[in-house]
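S.K.: Just dropping this structure here.
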Amino acid sequence: MAEPLGFCIVGCGMIARFHVRALQEIPAARVVALVSRSGDNAQKLIQETGLPAVPIFRTTDEAVRAPDVDAVIITTPSGAHREPALVAAQAGKHVVVEKPLEITGPRCQEIIDACAQAKVQLCTIFPSRFADSSMVLKAAVDAGKFGRLTLGETTCKWWRSQAYYDEGGWKGTQALDGGGALMNQAIHSVDLLLWMMGEATHVSGFTATLAHERIEVEDTAVACIRFKNGALGVIQATTSVHPGYPKTIAVHGDRGSAVIEQEDVIRWDFTPETEEDEKIKQRFASRVGASGGAADPKAISHEGHRRQLADFIEAVQTNRPPKVDGREGKRAVDLICAIYESAKTGRTIAL
């Protein structure tokens, strides 16, 4: 039996707790080190998660020299992902990066190239892909159940208080957040839309800051998309809609439609309807109704992280690409940056 993969977590903020709890439920993994500029933050993480005492380093450079570190998970602010990712890759460590992979396409590409050159695995965290409902929807798309895809929609109409932006230090800043409701919150929904509908070729969007002060990024955004397959798409993303509603994704075609709200399948309509369709309806008949962070970023399950990290560990062990690699992570960032460019210039942007 292979030794558990030793993980070092870089950054000890809120999202690091999801990774620790997920790894604690995977027998093939263990947390062996933490990196934090604040020893108090690292100790607080250890206490809150029940993590056994592990070495705490101030820099990634120090941590990757530890002999039991096999992989590095980066949970720093979004605009501070590149440097520790490059350090980890150059040290021959496998790399996991919380979404977004980075805040611009070129910075994402630097990480991708460094990991490829070092021959280490790279994973971008998009746990929504690993929800049962998302996987059922993707299987239906791949099976051609929708016929010709005509329309894809996603909404992330969430709420964040002013205190949320004020307390984080980096939240709402262009340099470290890279954007607002689109880049930080709705990127999960953008990723799902691209996963379902395929490559986007053109996008036109608007952004605004309507419900918050002292932030440099948008809290409200809408965009229209043309996909390579000819279908059209719509994105709505906010942190300005009180009290916040579950995110949705809908896929429509000339032979069927499906709508997911958070992780609940609320519409599943196909012609002709099959026995399998009825099974799917019955399977998802009892709605979970989870908020999924619509109003509280802490109110998110770590199950998606557990499933994705388990896939990453298997990828390392079997030397195959993880299901969500760096190139997959870059796609959502490229689309969001194109929406920002469209909002700034008033033009439709070709990707």
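The values are calculated or read from the model by the stated rules, or taken from the named source; none is laboratory data. Just so you know, these numbers come straight off a predicted model, no measurement behind them. Cβ sites come from the backbone with ideal geometry, for glycine too, and all protein chains shown count toward neighbours.
S.K.: Report every pair of residues separated by at least 6 positions or lying on different chains whose Cβ atoms are under 9 Å apart, first residue within the range 60-75 and under 19 Å from Arg17 (Cβ atoms), second modelled with pLDDT under 95.
M.R.: Thr75/Gly13; Thr75/Met14
S.K.: Quick one: in the range 234-258, which of the residues that are of a type outside the set (Ser, Thr, Tyr) and in contact with a His (Cβ under 9 Å, 6 or more places away or on another chain) is farthest from Ala186 (Cα to Cα)? I'd like the intermediate steps shown before the answer.
M.R.: If we filter the range 234-258 for residues that are of a type outside the set (Ser, Thr, Tyr), which is where we start, we get 234-237, 241-244, 246-247, 249-256, 258.
Okay, now just the ones that are also in contact with a His (Cβ under 9 Å, 6 or more places away or on another chain), so 247, 258.
Numbers: Lys247: 9, Ala258: 20 Å.
The selected residue is Ala258.
S.K.: Still on this structure: In the set Thr201, Thr209, Thr248, which member is surrounded by fewer than 21 Cβ atoms within 10 Å (Cβ to Cβ), out of contact with any Ser or Thr (no Cβ under 9 Å at 6 or more places or on another chain), modelled with pLDDT of 95 or more and of a type in the set (Val, Ile, Thr)? Step through it out loud before you land on a result.
M.R.: Details: Thr209 fails: out of contact with any Ser or Thr (no Cβ under 9 Å at 6 or more places or on another chain); Thr248 fails: out of contact with any Ser or Thr (no Cβ under 9 Å at 6 or more places or on another chain).
Going through Thr201, Thr209, Thr248 in turn, the sole match is Thr201.
S.K.: Additional query: Give Ala63, Ala85 a once-over and let me know the one that is in contact with a helix residue (DSSP H, G or I) (Cβ under 9 Å, 6 or more places away or on another chain) and either under 18 Å from Ala315 (Cβ atoms) or among the hydroxyl-bearing types (Ser, Thr, Tyr) (or both). Write out each step before concluding.
M.R.: On the way: Ala63 fails: either under 18 Å from Ala315 (Cβ atoms) or among the hydroxyl-bearing types (Ser, Thr, Tyr) (or both).
Every option except Ala85 fails the conditions.
S.K.: Still on this structure: Looking only at the range 25-45, filter to residues that are small (Gly, Ala, Ser) and surrounded by 15 or more Cβ atoms within 10 Å (Cβ to Cβ); which one of those is farthest from Pro77 (Cα to Cα)? Let's see the steps before the verdict.
M.R.: Of the residues in the range 25-45, the ones small (Gly, Ala, Ser) are 28-29, 33, 36, 38-39, 42.
From what's left, surrounded by 15 or more Cβ atoms within 10 Å (Cβ to Cβ): 28-29, 33, 36, 42.
Numbers: Ala28: 27, Ala29: 24, Ala33: 19, Ser36: 12, Ala42: 16 Å.
In this case the residue turns out to be Ala28.
S.K.: Sort out which residues of the range 312-333 are buried (at least 17 other Cβ atoms within 10 Å of the Cβ) and either touching a helix residue (DSSP H, G or I) at 6+ places or on another chain (Cβ under 7 Å) or within 18 Å of Glu263 (Cβ to Cβ) (or both), and write them in order of number. It would help to see each step written out before you state the result.
M.R.: Taking the range 312-333 and keeping what is buried (at least 17 other Cβ atoms within 10 Å of the Cβ), we get 312-313, 315-316, 322, 324-326, 328-333.
Those that are buried (at least 17 other Cβ atoms within 10 Å of the Cβ) and either touching a helix residue (DSSP H, G or I) at 6+ places or on another chain (Cβ under 7 Å) or within 18 Å of Glu263 (Cβ to Cβ) (or both): Pro322, Val324, Gly326, Gly329, Lys330, Arg331, Ala332, Val333.
S.K.: Still on this structure: Would you say Glu275 is surrounded by fewer than 17 Cβ atoms within 10 Å (Cβ to Cβ), touching a strand residue (DSSP E or B) at 6+ places or on another chain (Cβ under 7 Å) and modelled with pLDDT of 95 or more? Write out each step before concluding.
M.R.: Working: surrounded by fewer than 17 Cβ atoms within 10 Å (Cβ to Cβ): yes; touching a strand residue (DSSP E or B) at 6+ places or on another chain (Cβ under 7 Å): no; modelled with pLDDT of 95 or more: yes.
Considered against the rule, which asks whether it is surrounded by fewer than 17 Cβ atoms within 10 Å (Cβ to Cβ), touching a strand residue (DSSP E or B) at 6+ places or on another chain (Cβ under 7 Å) and modelled with pLDDT of 95 or more, Glu275 comes out as no.
S.K.: Quick check on my filter: what residues within the range 218-249 are among the small types (Gly, Ala, Ser) and over 18 Å from Leu182 (Cβ atoms)? Walk me through how you get there before you give the answer.
M.R.: Residues of the range 218-249 among the small types (Gly, Ala, Ser): 221, 223, 230-231, 233, 237, 240, 244.
Selection gives Gly230, Ala231.
S.K.: Would you mind finding the one in Leu182, Leu149, Leu122, Leu137 that is within 26 Å of Leu23 (Cβ to Cβ) and either in contact with a His (Cβ under 9 Å, 6 or more places away or on another chain) or modelled with pLDDT of 95 or more (or both)? Explain how you work it out, then say what you get.
M.R.: Details: Leu182 fails: within 26 Å of Leu23 (Cβ to Cβ); Leu149 fails: within 26 Å of Leu23 (Cβ to Cβ); Leu137 fails: within 26 Å of Leu23 (Cβ to Cβ).
One residue alone meets the criteria, Leu122.
S.K.: Of everything in the range 311-328, what is assigned to a loop (DSSP other than H, G, I, E, B) and without any contact (Cβ under 8 Å) to a residue 24 or more places away in the chain? Give them in sequence order. Reasoning before the result, please.
M.R.: Here is the first cut: in the range 311-328, the residues assigned to a loop (DSSP other than H, G, I, E, B) are 319-325.
Residues satisfying the conditions are Asn319, Arg320.
S.K.: Which members of the range 21-68 meet the condition of being basic (Lys, Arg) and either in a strand (DSSP E or B) or not assigned by TED's automatic domain parsing to the domain that holds Ala91 (or both)? Write out each step before concluding.
M.R.: Taking the range 21-68 and keeping what is basic (Lys, Arg), we get 21, 30, 37, 44, 58, 65.
Across the range 21-68, the qualifying residue is only Arg30.
S.K.: Something else about it: Which one of these is more than 19 Å from Cys337 (Cα to Cα) and surrounded by fewer than 23 Cβ atoms within 10 Å (Cβ to Cβ): Asp166, Asp177? Give the steps one after another, and end with the answer.
M.R.: Working: Asp177 fails: more than 19 Å from Cys337 (Cα to Cα).
Only one candidate qualifies: Asp166.
S.K.: Okay, moving on. Filter the range 114-127 down to the residues that are in contact with a helix residue (DSSP H, G or I) (Cβ under 9 Å, 6 or more places away or on another chain) and either in a loop (DSSP other than H, G, I, E, B) or among the acidic types (Asp, Glu) (or both) and list them by number. I'd like the intermediate steps shown before the answer.
M.R.: Of the range 114-127, the ones in contact with a helix residue (DSSP H, G or I) (Cβ under 9 Å, 6 or more places away or on another chain) are 114-118, 120-127.
Residues satisfying the conditions are Val120, Gln121, Ile125, Phe126.
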